[in-house]
Each structure stands twice: as C-alpha cells, then as structure tokens.
Amino acid sequence: MSNYHIKHLEEYYQVYRKSVQNPEVFWEEIAEEHFMWRKKWDNVLSWDFTKPEVKWFEGAKLNITENCIDRHLHIRGDKTAIIFEPNNPEEEAQHISYHELHEKVCRFANVLKEQGIQKGDRVCIYLPMIPELAISVLACARIGAIHSVVFAGFSSTALATRINDATCKMVITSDGSYRGAKTIDLKGIVDEALTDCPCVESVLVAKRINTDIHMEQGRDHWLQPLLDEAYIDCVPEIMNAEDPLFILYTSGSTGKPKGMVHTTGGYMVYTAYTFKNVFQYKEEDVYWCTADIGWITGHSYIVYGPLCNGATTVMFEGVPSYPDFGRFWEIVEKHKVNQFYTAPTAIRALAKEGVEHLEKHDLSSIKVLGTVGEPINEEAWHWYDDNVGKRKAPIVDTWWQTETGGMMITPIPYATPTKPTYATLPFIGIQPALMDENGKEIKGNQVDGRLCIKFPWPSMARTIWGNHQRYKDTYFSAYENKYFTGDGALRDEVGYYRITGRVDDVIIVSGHNLGTAPIEDAINEHPAVAESAIVGFPHDVKGNALYGYVTLKETGEGRNHDNLRKEINQIITEQIGPIAKLDKIQFTSGLPKTRSGKIMRRILRKIAGKDTSNLGDTSTLLNPEVVQDIMDNAL
Ligand code: PRX
C-alpha cells in the first residue's frame, strides 16, 4: 500500500490514523519519497500555537520549481504542462510542454534578475489568466523572490494597498485583458495605483490586447523583448523549507486585507499530496480548475499542486457565459477534461441556464467533479451530479481557506461515499475540532460548533506579512492552542462535516471573501453618508449578496436615492472592485445599536433575509424604535 495514493475507504482510515498518531513519521515518509530536496531536514516539525510558530522540514533545502518542472523533464518533458484556453474560442489554444515551460520560466527568471530582483524581494503580479501569469509566479519562485498575486478584478486603490503593504519592488502586468466581450485597461489601473506606491521601481508589461498604452520612461518595460534576449536556463535559487514562497491577501472582518504568508517546503508537500488524492490524478489525465490564479485555489490547484505531480493543467482566460453558457462544456469536450473543479456560484449560474448547453457536448471524459469556495446548496449539488457527472463522477466538496494553503476537509473520490452539502471527512493529517461558545471542545457526533484545527499541517500560513500579532489575534486567540477557522460546522452521525458558513463579519459573495469593514469605510467616504452597515442576504446565484443600510447626513436628505445608490456603488468599485458592489441599499433613519455603540448586525441580517418572525433579544438596544422603521422600509 502506498501512503501517497489512497484508493479505498479502508486505506483512508488506515493512513489517516497513521498521520495523526505519528504525524512526523508520516509526513517525513511522504516528503522523502515523492519530492526533490537539495538537503534533507534536521527536524520534521516544531510548533507552538501560543506564539504562534510552526516549522515544517526545518533545515531542508529545495527549490519548488525543480519539483514542479525540472524533475519531470527526463520522464515527461514533452508532455503538456499547461493548456491555455483563450477568452475567444476562435483563438487557438496553446499547449505548453514541460520542456517549454522550463525554458519560459528560466527566461523570465533571468529577466527578473536583470531588473534587479533578488531573493526575498516582493514582486506584485497583476495579470489576467494568460500563460505569463503562471510563468511569472514560477519565475519568482525560481529565484526566491516572493510573489504577491493580486486578482486582476481589484481596483487601483485595492492594488495600491497591497503593493504598499508588501513593499513590492516590481509590478508585472499586461496592456489589458479580455473578459468575455469586454476589454479591461489593466495597465491604466496599474498606472493609477502607482501614483501612490513609491516602493515600485519597475513594471514589466506583457502584450495581450495590443492597445496603445502609456509607458513610463525608465519604469515600464515591454516584457517580450526582454524575454527574447534572456538566457534559456537559470540555476534555481536554493531555498530553506521555511523561506516565504508567496504572500496572498485575503479579507478580514476588520481592517486592511491580511497578507497571508506561505512558505516553501510544507506548502509544496501538502498541495501536491492533496492534489494527487482529491483528484485521483493519473498520468494521462487532463485537469481543469476554473479559478483565477489571483486566488489561493489557483495558486495551489492550478499551478503548484498539479505541476508538482507532472499533471496537465488547463488555464482558462475567459468567463463561463462567453460566447454563451455552453463555454465550460465546450472546453471540457475539446480538451477531454478528466477532473473539473469549480465554485458553487458558477454551478448555480450555469444551472439557471438549463441543460440544453450541456446536452450539446460530450462530457464523458469527466471522472471527478470538484467544488470549493462556499457551502454548496443541495439543489446545486444535485444539478452538478445529475447533469455534469451523470451520477458517475463523484463530487468532491473541498473545504479549505487561503490560510490553510490546501484542502482540509474533503472526500477522496471513489473512496469516500459522498453526501450532498457535506465536505465529509478530514483529509490525511488534519485534526478538526468543534468548539462551543465557552471554548470547550464538543466531542461526539451529531453536534455543531465553531470549526478549529488542533494540530499543524504542512501548508498552513505561517504569519500575516508585517503583522504577526494580528495573525495571533485572528487565528489563535479565540480558542486555546487551536487554529480558529472563522467557520461554523456540524458533524453528522458518521463523523462527516458540513460547513455551515462564516461566523464572523466576512461575507462570501460568488465565492469571494469580503470583509464588511472595508466596504463600510468606502461607503462612509461619500459626503452625504453619516453611517453604514453591510450584511449578506441569500442570493440564488451568488450564494450571498450584499445589503447596505445607510444613514444620511442632513445634507444628504432630500437627495435622489437612486443617484445616491449609483454613487455609493461607484465609490465601492473604485476602492475595492466591482465584486464588492451592493445589490440593495436601504436608507435608514438610524442603525440598531447596543448601549456600547456596537451595531447589532444580527437584526440587520434577519431583515435583509426577510426572516423577521423572531428577531431575538433586542433588550440591549439603545434605539429599539429604528428597528420597526427599518422593517417597514425594507427592500
Ligand atoms: O467559509 C469558508 C468558505 O470559504 C472560506 C475561505 O475563503 P478563501 O480564503 O477565499 O478560500 C476559498 C478557496 C479555498 C472558508 O472559510 N469555503 C471554502 N470552501 C468551502 C467553503 N464553505 C463551505 N464549503 C466549502 N467547500
């Protein structure tokens, strides 16, 4: 039996037991047998959740790109590593072999070096889903620079905040991007952001849409001519297992976004191991994850996990609705995709369009279906199972987070019997706990509580960039000696987990995490706004949509509400991005507050969700009269 590839349920239980009874022996064996190290570790694991400090494979030396690329060259050098499927179906797909990927990454890495980027420097990558995105990520890793990918849907303000937080020396972008029938002026957004980023010394610009753009003399460089001149090989920088590999920002319930720091050795081992098992990847398979590399799903399961396994991974530039809602299925048929991984919001949007788009395409290649990003509702689960998987391809509902680096609770397909809406069992090595309000662990089955993890796993984030205290406060202070996820979960009679959703002020809209505080801050910048509060409410495609309660200043009263709504959403788009726009905005005479001045969001959530039969205890409210007023005028 190989501990690396689990095929049956009994095997899962056996390996799981090993992994929790003796984690160090277990992970040492996985790391030793399946990866390429320049030097082995002195110590498999040291940890202390009170500091918090976690180190995996300390003393080991490696370069992750040698694991993702070089070691495959002699066995599968001509195999396709990346299939690039462009936004426009008329444009030809590109197949990049492992040999070609090696050359492209090396050339790019040499360009970075020539531009003065060194080990430990931060490089911001703001690119659409084109091959240069994956290649630049790997090029950074090749030379030990820390990449910070910012999703190319974020606004210039959001981009500037992230660039400055990590003091990035360089930005890699493109002249623009395609998104369905639209083009987006990415370089213009970068230019605007950089008016406020003194740390940035240079900008590399990939050509994608061939528009005439402004190039700042001395700062901006077209990428292609530099690549053409660069040498085709680049000796990898040898990194310590605990050296940072990347920073990736995620929203918190308060304050600015958190730059989660992932390190090299443990992240590599865990993402590769989960990829192999959760997708049951086999050598000839074609794997497609529809996420953007701007999110953790793309980092771990488009780039690092698949490439570490020598897989063929699809990168899709476009959107599910262009040129029509059959696009995903057309791509599955065209590239004979075997594993398909997407988000519930995409499934719901496609389900809404009916099955005629599906019926036009041959989906028989599909062996495993995945979902991630938010709880999947029962209806969407069944639609996916019935129509896409034809009840033959198991659904892996994978629960995890930017912070966890890899999948945490998930079925292993063909081994774990699935159950709609359940992420099922903890993955190998993962020790979940459900906690009650008093900080005690709830044992046994058929219980629910707050989801924590009791023991370190190799791919956990090690800190928040520049703010270790915040890392401690956010994840390790709610419950003693445990990592707190921010999610609620229940455990059924056989020990399966179902994630019930966030228990903090993070709202997941179309699979994107949004903190309420930054959105409220943006709204409050409108000169007519006195105060605001954001809550989520159920939405049949997005999962949740945003509902804003806004109190106006005297100067704002009497102004046209529709115009105000447009202006408020405009500010949000500028400050954060279109993903954070509000679906509903209600103008209120006040917000329900406790005597200590805290907004009682629980009530606002109920009103937004049209669930006002029982508002719960309102006795601590300072201004109970506003509740009736808000209910009377609810949208
Ligand atoms: O609330 C959980 C939800 O998404 C959050 C993490 O979001 P993010 O860091 O953006 O990473 C998303 C991709 C890994 C979690 O705290 N979530 C993620 N996957 C699931 C989920 N909720 C329910 N079921 C899932 N499968």
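The values are calculated or read from the model by the stated rules, or taken from the named source; none is laboratory data. Values in this document were obtained by computation on a predicted structure and should not be read as measured data. Every residue, glycine among them, receives a Cβ derived from its backbone with ideal geometry; neighbour counts consider all protein chains shown. For the accessible areas, the whole protein counts, side chains as well, though only heavy atoms, and no ligand, DNA or RNA atoms are used. Shrake-Rupley method; radii C 1.70, N 1.55, O 1.52, S 1.80 Å.
Numerical summary
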read-out: Globularity ratio of region 303-375, using Cα Rg and 2.2 N^0.38 Å; value: 1.13
read-out: Whole-Å distance, taken between Cα centres, linking region 485-553 and region 18-84; value: 36 Å
read-out: Around residue 41: net Lys/Arg minus Asp/Glu count, Cβ-Cβ under 12 Å; value: -1
read-out: Relative contact order of region 60-124, pairs being alpha-carbon contacts under 8 Å that are 6 or more residues apart, as %; value: 26 percent
read-out: Protein-only accessible surface order, largest first, of 113, 207, 276, 55 at 1.4 Å; value: 207, 113, 55, 276
read-out: Efficiency of FRET from Cβ geometry, residue 481 and residue 13, R₀ 35 Å, rounded to 0.05; value: 0.85
read-out: Hydrodynamic radius by Kirkwood, which averages 1/r over all alpha carbon pairs of region 500-635, in angstrom; value: 15.2 Å
read-out: Charge tally in the Cβ shell below 12 Å around residue 51, where Lys, Arg are +1 and Asp, Glu are -1, residue 51 excluded; value: +1
read-out: Probe 1.4 Å, all protein chains present, accessible-area order of 555, 211, largest first; value: 555, 211
read-out: Cut-off 12 Å between beta-carbons: net charge of the residues surrounding residue 350, Lys and Arg +1, Asp and Glu -1; value: 0
read-out: Antiparallel bridges, percent of DSSP beta bridges restricted to region 510-632 (to nearest 5); value: 70 percent
read-out: Stretchable slack from residue 219 to residue 634, in nm (0.36 nm times residue separation minus alpha-carbon distance); value: 144.3 nm
read-out: With every protein chain in place, region 390-449: carbon and sulfur % of accessible area (1.4 Å); value: 44 percent
read-out: Disulfide-incompatible cysteines by the Cβ rule (no partner under 4.7 Å) in the chain; value: 68, 140, 197, 199, 289, 308, 452
read-out: Accessible-area composition of region 510-632, carbon plus sulfur, in percent [1.4 Å probe]; value: 48 percent
read-out: Percentage relative contact order, region 253-318, counting C-alpha pairs under 8 Å, at least six apart; value: 34 percent
read-out: Percentage, to the nearest whole number, of Cα pairs in the chain over 45 Å apart; value: 16 percent
read-out: Alpha carbon centroid spacing (whole Å) that separates region 571-597 from region 113-161; value: 32 Å
read-out: Largest to smallest accessible area among 37, 27, 222 [probe 1.4 Å]; value: 222, 37, 27
read-out: Computed [θ] at 222 nm, helices only, for the chain once each DSSP H run of length n ≥ 4 contributes -39500 (n - 2.57); value: -8000 deg cm²/dmol
read-out: Value of relative contact order over the chain, rounded to a whole percent, pairs C-alpha under 8 Å and six or more apart; value: 12 percent
read-out: Dipole moment magnitude, nearest 20 debye, the chain about Cα centre, only Lys, Arg, Asp, Glu C-beta charged; value: 1160 debye
